[in-house]
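Engineer: Please see the structure below; I have some questions.
The values are calculated or read from the model by the stated rules, or taken from the named source; none is laboratory data. What you see is a predicted model, and the numbers here were worked out from it, not measured in a lab. So basically every Cβ, Gly included, is an ideal-geometry build from the backbone, and we count neighbours across all protein chains shown. For the accessible areas, the whole protein counts, side chains as well, though only heavy atoms, and no ligand, DNA or RNA atoms are used. Shrake-Rupley method; radii C 1.70, N 1.55, O 1.52, S 1.80 Å.
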Amino acid sequence: MSPFRDRLRRWLWQRQPLEERCQLSQRRIYLLPTRFGLLLLAVALAVWVGALNYQVSLAYALAFWIASLVLVAVLMAYRQLSDLSLRAEPGAAVFAGERAVFRLWLDNRQPLQRQLRLRLGEGEGEAVDCLLEGGSEIRVELALASGRRGWLALPPCVVESDAPFGLIRAWAVPRLRARLLVYPAPLPDAARGRSGGDDGSGGAARPGGDDFSHLDSYRHGDTPRQIAWKVLARRDVLASKRFVGDSGAEELLLDWRDYGREPDVERRLSRLAWRVEECERRRRRYRLLLPDGEIGPQPRQREQALAALALFGRDA
């Protein structure tokens, strides 16, 4: 696609409203003939011209039959998208460079069966074909490669169909509101990470004990002693108690100032992300210190620490 057409397309898509839920109507559905449809129209025109010159009734009938078929194809293709409702949900947060997944829910309130194809409008990811039965709702997952850290918004989606004849293509470009968080890509830090995780030399350390620290989500391998049975009985939620001395080691400080001579902010964030993952994997207590805040042991500490790294220096 030429740069001009690409810019024009982006400009047109930006004019579409950003919505939580989109219901396709007549004003948002576009129709154009496919290559096969154009070829068939050209044949119909040639047959009609021949019928005019030679006054052949059978040629007239064939030309008008083809034209009627194309008109019916227009209506059928339009019905594939008409009154279709869409909404989007973000998938789980990912690290930069991984594939981010968005979930699209398609709601068909009509008794008509629909044959649809969905793809991201920016040409990223693969197209997904789906068959939507009448009066049903299905979920479709669209994936794209994540780039930089921070919020990744769902690009405009193209919903299209050329069913049932393949003569007319109907499409719409809804812009659904959904975004997920992209963490910095972990960058191994052999000098402070692994060795620091083993002997606590990754930064200034604080002494620990066996006192209760906080409640956290249950992890595979937690012992019955760690499970918060009262919370399970009251809320039907499986949670685990964390103790100061659970890890058998002191609390590690993952400090931004550990990289005083590192001028690249992104490398600093990536190294800290790797150290957070190492602490989580080894079940070490840690505290993340950034210039704009501090995240200590607490429920969902990993998610909060990685989110702070992902949004460092950017608007939340």
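Residues checked against (1) among the β-branched types (Val, Ile, Thr); (2) over 15 Å from Pro164 (Cα atoms); (3) touching an Asp or Glu at 6+ places or on another chain (Cβ under 8 Å):
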{"position": "Pro3", "(1), (2), (3)": "no, yes, no"}
{"position": "Arg10", "(1), (2), (3)": "no, yes, no"}
{"position": "Gln14", "(1), (2), (3)": "no, yes, no"}
{"position": "Glu19", "(1), (2), (3)": "no, yes, no"}
{"position": "Gln23", "(1), (2), (3)": "no, yes, yes"}
{"position": "Ala42", "(1), (2), (3)": "no, yes, no"}
{"position": "Ser57", "(1), (2), (3)": "no, yes, no"}
{"position": "Ala67", "(1), (2), (3)": "no, yes, no"}
{"position": "Arg79", "(1), (2), (3)": "no, no, no"}
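Engineer: Using the structure shown, decide if Glu280 is closer than 26 Å to Gly150 by Cβ, at pLDDT below 80 and surrounded by fewer than 18 Cβ atoms within 10 Å (Cβ to Cβ).
Structural biologist: no
Engineer: Which residue is modelled with the lowest pLDDT, if the candidates are limited to region 283-316 and must be more than 18 Å from His214 (Cβ to Cβ) and among the charged types (D, E, K, R)?
Structural biologist: Asp315
Engineer: Among the residues of region 293-303, write down those that are open to solvent by 80 Å² or more (accessible area, probe 1.4 Å) and either under 27 Å from the mean Cα position of the chain (by Cα) or under 19 Å from Arg148 (Cβ atoms) (or both). Show your work before the answer.
Structural biologist: We begin by selecting, within region 293-303, every residue open to solvent by 80 Å² or more (accessible area, probe 1.4 Å); these are 294, 300.
Result: Arg300, single match.
Engineer: I've got another one for you. Output the number of residues of region 29-53 satisfying the condition of being under 24 Å from Arg114 (Cα atoms) and open to solvent by 40 Å² or more (accessible area, probe 1.4 Å).
Structural biologist: Final tally of qualifying residues: 7.
Engineer: Also, I was wondering about something else. Quick one: is Leu132 surrounded by 16 or more Cβ atoms within 10 Å (Cβ to Cβ) and touching a Lys or Arg at 6+ places or on another chain (Cβ under 6 Å)?
Structural biologist: When the stated conditions are applied, Leu132 passes them.
Engineer: With respect to Val56, is the statement that it is over 26 Å from Arg139 (Cβ atoms) and surrounded by 13 or more Cβ atoms within 10 Å (Cβ to Cβ) true?
Structural biologist: So Val56 fits the description; yes.
Engineer: If you don't mind, there's one more thing I want to ask. Do we have any residue at all in region 119-139 that's touching a residue at least 40 places away in the same chain (Cβ under 8 Å) and closer than 30 Å to Trp274 by Cα?
Structural biologist: no
Engineer: Which of the residues spanning region 1-53 are among the hydroxyl-bearing types (Ser, Thr, Tyr) and free of Cβ contacts under 8 Å to residues at least 40 places away in the same chain? Working first, answer last.
Structural biologist: First, pick out the residues of region 1-53 that are among the hydroxyl-bearing types (Ser, Thr, Tyr): 2, 25, 30, 34.
Correct list: Ser2 only.
Engineer: Where residues in region 250-269 are open to solvent by 20 Å² or more (accessible area, probe 1.4 Å) and part of a helix (DSSP H, G or I), which of them is nearest to Gly150 (Cα to Cα)?
Structural biologist: Residue satisfying both the conditions and the ranking: Glu266.
Engineer: Further question on the same structure: How many residues does region 73-97 contain that are touching a residue at least 40 places away in the same chain (Cβ under 8 Å) and open to solvent by 40 Å² or more (accessible area, probe 1.4 Å)?
Structural biologist: The number of residues fulfilling the criteria is 10.
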